[in-house]
Amino acid sequence: MKKKRFLAALMAGTMFVLTGCGASSGSGNTSGGDGSGEITITIPSYKTGENVGAVFFEPQVERFNEKYDGQYHIELENVTEDVFKDQMKQLAQQNALPPLVQGGDHEWLKTVIFPNGRAYDISGWLEEHPEIKELMLEDGIEYCTEDDGAIYSVPLATVRPTGFFYNSAMWDTAGEDLSALTMDEFINLIGDQKIAFSTAENAWVSALFLTALIADEEGGAELLNSGVDEKITDFTQTPIVNAVEKLQTLLQNNASANSIGAAYPDAANAFMSGQASIIANGPWMSTDFEEANSANWSNGFDGANVRASLFPNQVGIAQTRIYGEWWISADASEEEIECALAFLEFIYTPEELEAFLLAEGGDAPNLEYSEEFVAQQAETQVLADLAEDTTEDTVYVPCILDVVPSSVASSDLSRLMPTLADGSMSAEEFCEQLTTAAQEATQE
């Protein structure tokens, strides 16, 4: 059924107490692994509570616990997303890492955790489970494999290319395949339509548009992808300056009224209240357009009218050369590792991968989809739109926020973004300021 394939995208001082989260804490499991009882591990996770990721992840853990009732059990410990990475660093310093870790700061993993033997090598496990390894992204396997052949981070099997959503009741695209247009054609087609931008926090929505604009420039996609290995610190390069010029025009002519100073929720509200007809975001936003969430709609907005597309020139924003979501602590006991590997095997089953894609969108390039999955995916229009756009010709690029110094991504970009909108800085001046900030950050 598969039609496409591709190769290649604590706050400081706060103590975090985990019950049974690692061998060093002395209570990583409630029983032995000899069949006499249930092995329990605790996973600190930000995909809990009100976090959007909890909608899928919490039930997935419940399904695992039900399947392995009496053998394995996973407890979730709620950690807010904004402190999660720092919290994992502190736990590592305390030799109190949980057995199974859900990501972490990329540079910290690359330069501290993996080179210093703090993670468990899963390469042998993958060789014993070729049916799992065959599902993983080739770019991801290559990126996660160390020079000595060790694999510490579990490579991804799915890719969720980010594009944009549009309200077809407000913007008549005349049946155009928007992802097949050039960027200039796309901007002309937008005309005077309003775009829900954001400039606060990390300027998420605006950063997505900037990424797509850079990817459209000659050499832009290559430039973005080069930032995976070495952060971009020179923003005066031609593809970036040209892209910023176009972003400035869009901010001045097409931004919804609340864009300047808007955080992501403000941008989402602008879209779902008819103040804008276009918003860039990932496929996980699809649930916002379901009737069950209509309490968040206003001014006649109807989620049934929302369509989705990848960006012009078939650009999908996603990293395929990246560490996966999970790794196992080298301090975990044999019983904890057994439980952690059982969970990883569970989430990489075809059934769970398909459930993930139905919940959050995306593509599993190496998975033969079931007929039931194809039918269910077609029931969600925006996911069907993105699936149709995602082909072997899709160009994957990482988001600009992922390939610049963290301080630039988290503060400098959003701090300077309003100057483009009000015209107090030219594109060239904006890029020079970002370059200065980036170079200062890398010298600290």
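The values are calculated or read from the model by the stated rules, or taken from the named source; none is laboratory data. Not measured: the values here are computed from a predicted model. Cβ atoms come from the backbone with ideal geometry, glycine included; neighbour counts cover every protein chain shown. Only protein heavy atoms, including side chains, enter the accessible area calculation; ligands, DNA and RNA are left aside. Shrake-Rupley method; radii C 1.70, N 1.55, O 1.52, S 1.80 Å.
If you check 132, 151, 195 for being out of contact with any Lys or Arg (no Cβ under 7 Å at 6 or more places or on another chain), buried (at least 20 other Cβ atoms within 10 Å of the Cβ), at pLDDT 95 or above and within 24 Å of residue 363 (Cβ to Cβ), only one passes: 151.
Inspect all residues belonging to region 194-215 and state whether any of them is basic (Lys, Arg), within 18 Å of the chain's Cα centre (by Cα) and in a loop (DSSP other than H, G, I, E, B). Checking region 194-215: not a single residue is basic (Lys, Arg), within 18 Å of the chain's Cα centre (by Cα) and in a loop (DSSP other than H, G, I, E, B). Take residue 201 and decide whether it is of a type in the set (D, E, K, R) and modelled with pLDDT under 95. Yes. Pairs linking a residue in region 330-344 that is farther than 14 Å from residue 125 by Cα to a residue that is part of a helix (DSSP H, G or I) and not hydrophobic (A, V, I, L, M, F, W, C), with Cβ atoms under 9 Å and 6 or more positions apart or on different chains, are 331/24. Does residue 230 satisfy the criteria of being part of a loop (DSSP other than H, G, I, E, B) and on the phi > 0 side of the Ramachandran plot? The answer is no for residue 230.
From the set of residues in region 77-124 that are among the small types (Gly, Ala, Ser) and in contact with a Ser or Thr (Cβ under 9 Å, 6 or more places away or on another chain), which is farthest from residue 231 (Cα to Cα)?
96
If you go through region 47-69 and keep only what is in a loop (DSSP other than H, G, I, E, B) and in contact with a strand residue (DSSP E or B) (Cβ under 6 Å, 6 or more places away or on another chain), you end up with 48, 49. Any residue at all in region 54-61 that is among the small types (Gly, Ala, Ser), over 24 Å from residue 359 (Cβ atoms) and either touching a Ser or Thr at 6+ places or on another chain (Cβ under 8 Å) or surrounded by fewer than 18 Cβ atoms within 10 Å (Cβ to Cβ) (or both)? No, the conditions are met nowhere in region 54-61. Set side by side, the residues 163, 104, 117, 124 differ, and just one is farther than 28 Å from residue 207 by Cβ, open to solvent by less than 50 Å² (accessible area, probe 1.4 Å), of a type outside the set (A, V, I, L, M) and not in a helix (DSSP H, G or I), which is 117.
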